[in-house]
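Student: Sharing a structure below in C-alpha cells format, with a few things to ask.
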Amino acid sequence: MKTISHFILVIALVVLIQSCKPAGGEFAGTEYMPDMAHPITYEANVYDDYKLNTWDEQSVVSRKELSLHMYPVKGTVPRGYAGVYLAQGTEAQEAAYGIVRGDNSPRAVAAPVNGKVPYYYADTPEDRQRATAEIIDNPYPITEAGLAQGKELYNIYCGICHGEKGNGLGYLVRDPDPTTGDPGGKYPAAPANLVNDEFTAASNGRFYHAIMYGLNVMGAYKDKLSYEERWQVIHYIRSLQAAEKKLAYNESKNTLNPAFGTPGKLVKKAVPSVTLVSDATTPVPGPSGH
C-alpha cells in the first residue's frame with residue numbers, strides 16, 4: 001500500500017512538472033497560476049516583452065515599431081483646425097473658434113484646435129534661416145490666459161535649462177553649494193540667454209523652429225507641445241524679454257515690438273496654397289504656414 005502511495009505521488013509530481021513546461025515548437029507552454037501582469041498580446045507604449053512572447057518572430061511589424069509614437073495619415077487635418085485656419089478675418093476666426101470650442105450650443109462637444117499643423121521648413125541650417133526670416137507674426141493674441149499657460153509650460157519644459165527668468169541660468173547649470181553638498185549642474189553646454197539683445201531682437205520664427213527641431217544639445221519639443229502651446233510659450237518668452245527691459249508685453253499693450261504679438265485680438269492667417277500636411281511629414285514648398 002505504501003509503495004502504491006509513493007508511486008501515485010511520483011506520477012503526480014511528474015504531471016505537475018510537465019504542466020509547467022516552457023513554450024517550444026508548436027507547444028504554447030503553460031504556467032502554474034499565471035500572473036495577469038504577463039501579457040502575451042501587444043500593448044501600446046510597452047517594449048518589455050514577456051519572455052514567452054513571440055510577437056517579433058511571428059509578425060512583419062515589430063513591437064518596437066508599434067510602440068512608438070504614431071502620426072496622422074499624410075494629408076489629414078486635425079479636427080477643428082481647418083475651419084479656423086481657413087477663416088477669413090477676425091470675426092470669422094472668432095466664430096470658428098467658438099464653434100470648435102463648443103460655445104455655439106450647450107450640448108456642443110469642444111474639440112482642441114491645437115493638434116498638428118502644417119510646417120514647411122526642414123531641419124536644415126538653410127531652412128532654419130528661412131523660417132527665422134519668414135515667420136514673423138504670432139497667430140495667437142497676447143492674453144492673460146495665454147501668458148499663464150505659456151508660463152506653466154515654459155517652467156516645465158524650458159526653465160530647467162534657460163532659467164525661470166530666461167537668462168540661461170536654469171537648475172541644470174547651478175553652481176555647487178558647499179553648505180548643502182549640492183554638486184551643482186553638469187549641463188554639457190551653456191543654455192541660451194533668451195533675454196539678451198540677440199534673442200530679444202530675433203524673430204518669432206527663430207524660436208518656433210527651435211521648438212520644432214531643437215538645436216545643438218537641445219532636443220525637439222514638437223511632440224510635447226501642441227501648436228497653440230508652442231506659440232503661448234513664445235508669448236511668455238517675449239514677456240520675459242519685456243520685463244528685462246522694463247517694457248510691457250500683455251493683453252493691453254506691447255511696447256517690446258509690435259511685430260511679435262498683438263494684444264487682445266486674433267491675428268489674420270493667410271490661406272495656404274498647397275495641401276495641408278502634418279508636422280511629421282517632409283516639408284513641401286509653400287507659404288510660411290506655421
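The values are calculated or read from the model by the stated rules, or taken from the named source; none is laboratory data. The model shown is predicted, which means the values in this text are computed figures rather than measured ones. In this analysis, Cβ positions are derived from the backbone assuming ideal geometry, glycine residues included, and neighbour counts consider all displayed protein chains.
Student: Please count how many residues of segment 121-150 are hydroxyl-bearing (S, T, Y), touching a helix residue (DSSP H, G or I) at 6+ places or on another chain (Cβ under 8 Å) and not in a helix (DSSP H, G or I).
Tutor: Looking only at that region, the number is 2.
Student: Looking at segment 198-240, which of the residues that are among the aromatic types (F, W, Y) and surrounded by 21 or more Cβ atoms within 10 Å (Cβ to Cβ) is nearest to N167 (Cα to Cα)?
Tutor: Going through the qualifying residues, I end up with Y236.
Student: Please tell me if N257 is modelled with pLDDT of 85 or more, out of contact with any strand residue (DSSP E or B) (no Cβ under 7 Å at 6 or more places or on another chain) and not aliphatic (A, V, I, L, M).
Tutor: Yes; evaluated as a whole, the condition is true for this residue.
Student: Which ones in segment 151-180 are of a type in the set (D, E, K, R), assigned to a loop (DSSP other than H, G, I, E, B) and free of Cβ contacts under 8 Å to residues at least 12 places away in the same chain?
Tutor: Matches in segment 151-180: E164, R174, D175.
Student: Residue under question is I234, and the condition is that it be in contact with a Leu (Cβ under 7 Å, 6 or more places away or on another chain) and either over 21 Å from E134 (Cβ atoms) or part of a helix (DSSP H, G or I) (or both); does it hold?
Tutor: Spelling it out, it is not the case that I234 is in contact with a Leu (Cβ under 7 Å, 6 or more places away or on another chain) and either over 21 Å from E134 (Cβ atoms) or part of a helix (DSSP H, G or I) (or both).
Student: Would you be able to tell me the number of residues in segment 241-256 that are in contact with a helix residue (DSSP H, G or I) (Cβ under 9 Å, 6 or more places away or on another chain) and surrounded by fewer than 17 Cβ atoms within 10 Å (Cβ to Cβ)?
Tutor: The number of residues fulfilling the criteria is 4.
Student: Next question, about the same structure. Among the candidates K224, K265, single out the residue that is in contact with a Pro (Cβ under 6 Å, 6 or more places away or on another chain) and at pLDDT below 90.
Tutor: None of the others qualify; the one that does is K265.
Student: One residue is enough: does segment 117-140 have a residue meeting the conditions closer than 16 Å to M218 by Cβ and of a type in the set (F, W, Y)?
Tutor: no
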